[in-house]
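Below is one structure; the comments refer to it alone.
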């Protein structure tokens, strides 16, 4: 089973491009927020554990999130690949994910980062704010803050995967099709050249 992470700042087009990857490679998206909600609804042991933290307004500990991902992977043993969405966000999460996958004799095949210049991100988000009515995309200072938080929190992750030789930058400017073509090529080269 292949494991890839799609990365990029707000406005980079991750939502659009993840759909392209899912259709092309028949991957399944693992969005940790959705997984947590699902486990809570099912009242599983891990879900009840997570709920305690969420109800207290705290972040769910990494060990619980990893447990939920591991549980989900056992259900998905026949899928071709997993596309991680919104996870990992920190080095400890990335290390925990590596350890959990190693216990399955699997690994992260690559982190694919959509790279878009700062000015272009702001332009896209403001346009999205106008067309979608999303309040977090309508205010320039909120947008600047979201991009800055992304840069601070994720830069260390990029370095983490660079050291493993798994970091793949993808030029994220152009038509949706042009960006998709670049991303698909990068994923294909990475996943075909590695055996998990």
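Values quoted throughout were computed directly from the atomic coordinates according to the rules given, and no laboratory measurement underlies them. The model shown is predicted, which means the values in this text are computed figures rather than measured ones. Neighbour counts run over all protein chains shown; Cβ positions are idealised from the backbone, glycine included.
How much FRET efficiency would the formula 1/(1 + (r/R0)^6) give for residue 120 and residue 100, where r is the Cβ-Cβ distance and R0 is 41 Å, rounded to 0.05?
In this case the efficiency is close to 0.70.
Computed with the Debye formula from one identical point scatterer per Cα of the stretch 1-76, without solvent, the log10 of I(q)/I(0) at q = 0.14, 0.27 Å⁻¹ comes to -0.55, -1.19.
Working from label points 7 Å from Cα in the Cα-to-Cβ sense, the residue 53 to residue 175 distance is 4.4 nm.
Enclosing the Cα atoms of the stretch 118-158 in their convex hull gives a volume equal to 66 cubic angstrom per residue.
Place a point 7 Å from Cα of residue 145 in the direction of its Cβ. Which residues in the stretch 1-24 have their backbone N less than 16 Å from it? Label zone hits: 10.
Mean residue ellipticity, 222 nm, helices only, the chain: the sum of -39500 (n - 2.57) across DSSP H runs of n ≥ 4, divided by residue count and rounded to 500, is -19500 deg cm²/dmol. At full extension, residue 162 and residue 22 could sit 48.0 nm farther apart than now, given 0.36 nm per residue minus the alpha carbon distance.
A simple spin-label model places pseudo-atoms 7 Å from Cα toward Cβ; at residue 79 and residue 184 they are separated by 2.0 nm.
Per the Kirkwood formula applied to alpha carbons, the stretch 62-168 shows a radius of gyration over Rh ratio, Rg over Rh, of 1.05.
A protection proxy built from the mean count of other Cβ atoms within 10 Å ranks the segments 139-147, 4-12, 54-62, 24-32, most packed first, as 4-12, 24-32, 139-147, 54-62.
Over the stretch 128-196, the fraction of Cα-Cα pairs per 10 Å bin, rounded to whole percents and listed from the shortest bin up, is 16, 29, 37, 15, 2.
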